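The values are calculated or read from the model by the stated rules, or taken from the named source; none is laboratory data. As the structure is a computational prediction, the values presented were derived from the model and not from experiment. In this analysis, Cβ positions are derived from the backbone assuming ideal geometry, glycine residues included, and neighbour counts consider all displayed protein chains. With ligands, DNA and RNA removed, areas are computed over all heavy atoms of the protein, side chains included. Shrake-Rupley method; radii C 1.70, N 1.55, O 1.52, S 1.80 Å.
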Amino acid sequence: MHQQSVQSPHPQQGREMAMTGLLTTHQVQDLLKVDRTTIYRMVEAGRLPAIRVGKQWRFEADEVERWLHERATLAPLERRLRAPDEPAPDGLRALLPLECAQMIQDAFAEALDVMMVTTDMDGQPITQVSHPCGFFIALMQDANAVEHCVGTWKQLAAAPAIEPRPSPSEIGLLCARGLIRVGNALKGMVLVGGIAPERWPPSDDRLSELARTFGADEARVKASTKGVYRLDHERLARVLRGVQRVADIFSHIAMIRQGSDGTPLPKE
């Protein structure tokens, strides 16, 4: 990134005037409601473009606005990804305190710096997607794109491997799953994804094909290829251990909440 000399907006100019030109890290923290460490991780992952000015980062206001727009776009998508409100009486949704599970998942996804979602064994999500990468967001603009995700996740459930292993997804990024067991039954999975393989990005032709398949804007998809998570072997091994750890935590919670007769305990 090139360096340039700029004058930072005065903090008393307010949010409206701050959203022009270049923003400081502190201003971006206030706008995105995240801490400084998260901002730096987003820069490193290519999710938030930044310009180096001396020893500090500056952020283009239109890029920050784009990120905010993407989050607003992703919110209804996450609602569409949710499973039906009436869970099966012995299903994972009935066994997990979902608000608590979401907080646990969010924390691990942020710490491991990967995407994460929890599904049943049919690939139907029971949580919202945590820490989604920019490439995923660019593809997930059409309601039909959801079905591609669910189909891929269902295939992962049927994979013979017991331990988490990285596998290529339909969008070309790596994903892995940790199985959630309750007693002798498999009830669901915790999935991690958004991880770039060694050969990334795909060719322009492949990106065009993905955009058509997912009903996404082709230019936006091609501009989002840096918005992925790049892990070395050590970090990947840590992520694989971490996803199974989350699955084990959920298994433990579900077992505690399940009655001795194998049915969920009544809600308080």
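Restricted to the stretch 94-112, and to residues that are surrounded by fewer than 22 Cβ atoms within 10 Å (Cβ to Cβ) and in contact with a Gly (Cβ under 9 Å, 6 or more places away or on another chain), which residue is farthest from T38 (Cα to Cα)? In this case the residue turns out to be F108. Scanning the stretch 217-233 for residues that are among the small types (G, A, S) and either surrounded by fewer than 20 Cβ atoms within 10 Å (Cβ to Cβ) or out of contact with any Cys (no Cβ under 9 Å at 6 or more places or on another chain) (or both) returns A219, A223. Applying the set (1) assigned to a loop (DSSP other than H, G, I, E, B); (2) touching a residue at least 60 places away in the same chain (Cβ under 8 Å); (3) farther than 26 Å from V246 by Cα to R199 leaves exactly one unmet item: (2). Annotation note: Cβ proximity below 8 Å between a residue of the stretch 232-254 that is among the acidic types (D, E) and a residue that is open to solvent by less than 10 Å² (accessible area, probe 1.4 Å) (sequence gap 6+ or interchain) occurs for D248/G178.
Mind listing whichever residues of the stretch 153-171 are open to solvent by less than 50 Å² (accessible area, probe 1.4 Å), in a loop (DSSP other than H, G, I, E, B), of a type in the set (A, V, I, L, M, F, W, C) and over 13 Å from V228 (Cα atoms)? So that I can check it myself, show each step before the final result.
Of the residues in the stretch 153-171, the ones open to solvent by less than 50 Å² (accessible area, probe 1.4 Å) are 153, 156-157, 159, 161, 164, 167, 169, 171.
Cutting the leftovers down to in a loop (DSSP other than H, G, I, E, B) gives us 159, 161, 164, 169, 171.
Applying the additional criterion that residues be of a type in the set (A, V, I, L, M, F, W, C) yields 159, 161, 171.
The answer is A159, A161.
Among the residues making up the stretch 99-130, those that are under 12 Å from the mean Cα position of the chain (by Cα) and assigned to a loop (DSSP other than H, G, I, E, B) are D113, V114, T127, Q128, V129.
The single condition from (1) at pLDDT 90 or above; (2) over 16 Å from A109 (Cβ atoms); (3) aliphatic (A, V, I, L, M) that V146 fails is (1).
Restrict the check to the stretch 132-151 and report whether at least one residue is surrounded by fewer than 18 Cβ atoms within 10 Å (Cβ to Cβ), closer than 21 Å to V239 by Cα and not acidic (D, E).
Scanning the stretch 132-151 turns up no residue that is surrounded by fewer than 18 Cβ atoms within 10 Å (Cβ to Cβ), closer than 21 Å to V239 by Cα and not acidic (D, E).
Here L96 meets the list (1) within 25 Å of A223 (Cα to Cα); (2) modelled with pLDDT of 55 or more almost entirely, failing just condition (1). For the stretch 172-194, the set of residues classified as buried (at least 24 other Cβ atoms within 10 Å of the Cβ) and of a type in the set (V, I, T) consists of I180, V190, V192, listed by residue number. Checking the conditions here, which among D204, D248 is at pLDDT 95 or above, open to solvent by 20 Å² or more (accessible area, probe 1.4 Å), more than 17 Å from the chain's Cα centre (by Cα) and closer than 30 Å to A94 by Cβ? Going through D204, D248 in turn, just one is at pLDDT 95 or above, open to solvent by 20 Å² or more (accessible area, probe 1.4 Å), more than 17 Å from the chain's Cα centre (by Cα) and closer than 30 Å to A94 by Cβ: D248. For F214, the stated conditions do not hold, so it cannot be described as open to solvent by less than 70 Å² (accessible area, probe 1.4 Å), of a type in the set (F, W, Y) and at pLDDT 95 or above. Under the condition of being part of a loop (DSSP other than H, G, I, E, B) and either closer than 25 Å to E110 by Cβ or among the hydroxyl-bearing types (S, T, Y) (or both), the residues counted in the stretch 202-224 number 2.
Summed over the stretch 21-56, residues that are modelled with pLDDT of 80 or more, closer than 17 Å to G134 by Cβ and open to solvent by 50 Å² or more (accessible area, probe 1.4 Å) total 1.
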